[in-house]
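For reference, the structure is listed below as structure tokens.
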Amino acid sequence: MSSEAPARGVAARGVAARGVADRDRGFWGDLAAVANRSLLQLPRDLASIIPALFVPVFFYVVTIGALSGIANFSALEIDYKAFQLPVAIITTVTGLSRAAALVTDIKDGYFDRLLLTPVNRVSLLLGLMVADLTVFLALCIPVVGMGLIVGVSFPTGVLGVLIFIAMGTLWGLMYTGFPYAIALRTGNPTAVNNSFLLFFPFVFLTTAWLPQENLSGWLSTVATWNPVSYILEGMRSLFVDWDGVAIGKGLAAILGVGLVAQIFAFMALRRRVQNP
């Protein structure tokens, strides 16, 4: 008998033992394992994360520097620095995800090897989103700090700041469904990198630069139907006073877009799992 046979037997038992261990961990253990691996990979991906912060901050500074002195809109209840801060948050987190790392795992065969284990399939995607959540929080905090430095104030206090950060973070997390769906359906890094094109109508065809009352024509119509307009208004309301209606509409818009995005993502995951 060849010496390879015992070796294969040992390897098989090793795989079986790992499978039992994985099964013993359950959903939460699998989720923690996938999330931990994704978090450990973050330092290697700083080259893609840092520009996500730099570019919105650059445009925020340029925009308020160019327009804050001349912006005089009758419907504007807050100064232009505060008006633009939610835009900086939204542009920072929109489209950023671990989808590129997921594509790498698919192309390298690592994802398919995971499917040979009893790991919980849902945790394969939710674990990546835990890492995304960490990144979004880490990016939102310095953007808010920048706003405070240039003179933006929150009459709603510390709770208002926390809700402001939470809304930006939640939007970023919900939106990740789109790039993950593309990653799982195509396994193509170019397609994932180009998924940022979805970002433009979501963010720029809104009240990002002007209040709704100052928009006209087709842009006013599109902005009225664009859910991000309501997210921006909900976040901006925190610079004036507590407005439960505006905040509620903003959260509803986040959850509405998120529901669609996450359905796409988990449908793509199901298809990938069934047809690896």
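The values are calculated or read from the model by the stated rules, or taken from the named source; none is laboratory data. Here the structure is a predicted model, which is why all the values come from computation and not from measurement. We place every Cβ from the backbone using ideal geometry, glycine too, and count neighbours over all the protein chains shown.
At a glance:
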| read-out | value |
| --- | --- |
| Looking only at the stretch 222-248, and only at residues there that are touching an Asp or Glu at 6+ places or on another chain (Cβ under 7 Å) and farther than 18 Å from Thr169 by Cβ, the one that is modelled with the lowest pLDDT | Val240 |
| Ser229 vs. criteria among the polar types (S, T, N, Q), without any contact (Cβ under 8 Å) to a residue 40 or more places away in the chain and buried (at least 16 other Cβ atoms within 10 Å of the Cβ) | yes |
| Considering residues of the stretch 25-64 that are β-branched (Val, Ile, Thr) and under 19 Å from the mean Cα position of the chain (by Cα) only, the residue modelled with the highest pLDDT | Val34 |
| Flag if Arg113 is surrounded by fewer than 19 Cβ atoms within 10 Å (Cβ to Cβ), out of contact with any strand residue (DSSP E or B) (no Cβ under 7 Å at 6 or more places or on another chain) and of a type in the set (D, E, K, R) | yes |
| Any helices (runs of 4 or more DSSP H) falling wholly within the stretch 195-251 and containing at least 1 residues that are touching a helix residue (DSSP H, G or I) at 6+ places or on another chain (Cβ under 9 Å), more than 18 Å from Ile89 (Cα to Cα) and not small (Gly, Ala, Ser) | 217-225 |
| Check on Phe136, assigned to a helix (DSSP H, G or I), of a type in the set (Phe, Trp, Tyr) and free of Cβ contacts under 8 Å to residues at least 60 places away in the same chain | yes |
| Residue check for Phe164: hydrophobic (A, V, I, L, M, F, W, C), at pLDDT below 90 and part of a helix (DSSP H, G or I) | no |
| Members of the stretch 242-274 that are of a type in the set (S, T, N, Q) and over 21 Å from the mean Cα position of the chain (by Cα) | Gln274 |
| All positions within the stretch 234-257 that are surrounded by fewer than 21 Cβ atoms within 10 Å (Cβ to Cβ) and within 20 Å of Leu198 (Cβ to Cβ) | Leu255, Gly256, Val257 |
| Conditions (1) of a type in the set (A, V, I, L, M, F, W, C); (2) surrounded by fewer than 19 Cβ atoms within 10 Å (Cβ to Cβ); (3) touching a Ser or Thr at 6+ places or on another chain (Cβ under 6 Å); number of the one not met by Ile141 | (3) |
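Results for (1) of a type in the set (D, E, K, R); (2) surrounded by fewer than 20 Cβ atoms within 10 Å (Cβ to Cβ); (3) closer than 17 Å to Lys249 by Cα, shown as yes or no for each residue.
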{"site": "Leu173", "(1), (2), (3)": "no, no, no"}
{"site": "Ala181", "(1), (2), (3)": "no, no, no"}
{"site": "Arg185", "(1), (2), (3)": "yes, yes, no"}
{"site": "Pro201", "(1), (2), (3)": "no, yes, no"}
{"site": "Leu205", "(1), (2), (3)": "no, yes, no"}
{"site": "Ser220", "(1), (2), (3)": "no, yes, no"}
